[in-house]
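See below for the structure under consideration.
The values are calculated or read from the model by the stated rules, or taken from the named source; none is laboratory data. Not measured: the values here are computed from a predicted model. Don't worry about glycine lacking a Cβ; one is built from the backbone with ideal geometry, like all the others, and counts go over all protein chains shown.
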Amino acid sequence: MTQLYIGLMSGTSMDSIDCALVNFVDSHFELIATHSIAYPESIRQQLQTLSTPGSDEINRLGQLDRQVGYLFAQASIQLLDLTGHTPKEICAIGSHGQNVRHQPNLEHPFTLQIGDPNAIAQLTGITTVADFRRRDIVNGGQGAPLTPAFHHFAFRSQTRDRVIVNIGGISNLTYLPANEPNVTLGFDCGPGNTLLDQWVYQCLGKAFDEQGNWAHQGEVLPSLLDKLLQDPFFHKKPPKSTGLEYFNLNWVTSYLGETNVKPQNLQATLAELTAAGIVNAINQVASRSAEIYLCGGGVRNIDLVARIKRRRGDTQIETTSTLGLDPQWVEATAFAWLAKQTLEGLPGNLPSVTGAKKACILGGVYLG
Ligand SMILES: Nc1ncnc2c1ncn2[C@@H]1O[C@H](COP(=O)(O)OP(=O)(O)O)[C@@H](O)[C@H]1O
Ligand SMILES: [Mg+2]
């Protein structure tokens, strides 16, 4: 039986709303079509502002929730127009929403992703599943990462241990041991592109460091790198997840103090830190023989990928393209799959990853 689902994702980088049309046939899947729309600059800025504490948050949140919901709906409608599919043919949309706050470690933990699913269901006419993370948090989990269950479905091998590393704003990994299908591990490694994006934006006004060229020409500052790597997050045992609330330029400044450094050398140091956070996390869970596959926008940062290969001492590291899924579309495809899990009454979280007391059916369903 073939079943069409749409996955909608916009990560912490806030670079674009990614929309994937996925066909599930029995236990296989095929990415049929994709579409991306960029946030209008003013909305992107408002979302970034809302991601840190400020005044009048409820009003700003309410209005952005609606605007983001409309944009998510628009992205889905455009994808259908491009492909000639009708809403009736789509089983459901899985919408991650836009994260504006992730606080899984407070006394009263919470996480909040916006993009009103009422608007998505109403404007597209398609049943929408959203708010995937909070049920896991109620069950004592981090609410993140949620993609490992999809990685297990899509990428597990029965003969080779595999590690999937997603380099979005934050980086996270999934360890898929060949012999123990029930021992999937996964956690946030630390920063992905976010520190690089934030620093190049502050210094050069660019949204990201194209191919990592700017970092590539800088020099790593070893003593600063050592200090940054001592940050407790890197040494915390999983389950663990993080966000831009933690890894931001204030975090860098808290280690840098008043020291004057050449901006480009700081970028090189942050790139090396990002690579080290990822490789240390890989080394924690996987033996030398494990296959490593990268995904997320960070795979386009050639400098960062080279640093990861160098640190791991593995030139064979590839992207998920090798496994049949374009690295740009893994996350959106995962949310299509998570919507399918929910509608079929199946769990979407992995307690071994999030730390939840039990596996549970994720999200709220908004009928089309
Ligand atoms: N050509 C490129 N060169 C360097 N970095 C890139 C390039 N294209 C994308 N990126 C990085 O990828 C990020 C987006 O990755 P993505 O996986 O969409 O993250 P998120 O899930 O947080 O939205 C951008 O913010 C940027 O840092
Ligand atoms: Mg993105």
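Here is how the numbers come out for the structure above:
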{"item": "Scope the stretch 96-130; condition in contact with a Pro (Cβ under 7 Å, 6 or more places away or on another chain) and more than 16 Å from Thr12 (Cβ to Cβ); matching residues", "result": "Thr124, Gly125, Ile126, Thr128, Ala130"}
{"item": "Qualifying residue in the stretch 190-199 (condition: within 16 Å of ligand 1 (Cβ to nearest atom), touching a strand residue (DSSP E or B) at 6+ places or on another chain (Cβ under 7 Å), of a type in the set (Gly, Ala, Ser) and at pLDDT below 95)", "result": "no"}
{"item": "Some residue of the stretch 19-39 being touching a residue at least 40 places away in the same chain (Cβ under 8 Å) and within 11 Å of ligand 2 (Cβ to nearest atom)", "result": "no"}
{"item": "Looking only at the stretch 200-240, and only at residues there that are among the charged types (D, E, K, R) and in contact (Cβ under 8 Å) with a residue 24 or more places away in the chain, the one that is nearest to ligand 1 (Cβ to nearest atom)", "result": "Asp209"}
{"item": "Single condition Glu245 does not satisfy, out of (1) part of a strand (DSSP E or B); (2) within 16 Å of ligand 1 (Cβ to nearest atom)", "result": "(1)"}
{"item": "Filtered residues of the stretch 62-89 (kept if assigned to a helix (DSSP H, G or I), surrounded by fewer than 20 Cβ atoms within 10 Å (Cβ to Cβ) and touching a residue at least 60 places away in the same chain (Cβ under 8 Å))", "result": "Thr83, Pro87, Glu89"}
{"item": "Qualifying residue in the stretch 14-25 (condition: under 22 Å from Phe132 (Cβ atoms), of a type outside the set (Lys, Arg), away from ligand 1 (no atom under 16 Å from the Cβ) and out of contact with any strand residue (DSSP E or B) (no Cβ under 7 Å at 6 or more places or on another chain))", "result": "no"}
{"item": "Given (1) free of Cβ contacts under 8 Å to residues at least 60 places away in the same chain; (2) within 16 Å of ligand 2 (Cβ to nearest atom), number of the condition Val165 does not satisfy", "result": "(1)"}
{"item": "Segments classed as strands (runs of 3 or more DSSP E), wholly inside the stretch 145-224, with at least 3 members that are hydroxyl-bearing (Ser, Thr, Tyr)", "result": "170-176"}
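One line per residue, one yes/no per condition, for (1) more than 16 Å from ligand 1 (Cβ to nearest atom); (2) under 15 Å from the mean Cα position of the chain (by Cα); (3) over 20 Å from Gly115 (Cβ atoms):
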residue	(1), (2), (3)
Ala286	yes, no, yes
Ile292	yes, no, yes
Asp303	no, no, yes
Trp329	no, yes, no
Ala334	no, yes, no
Val353	yes, yes, yes
Lys358	yes, no, yes
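Residue-wise test of (1) over 22 Å from Tyr175 (Cβ atoms); (2) at pLDDT 95 or above.
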| position | (1), (2) |
| --- | --- |
| Thr259 | yes, no |
| Gln267 | yes, yes |
| Lys309 | no, yes |
| Asp314 | no, no |
| Val330 | no, yes |
| Ala336 | yes, yes |
| Thr342 | yes, yes |
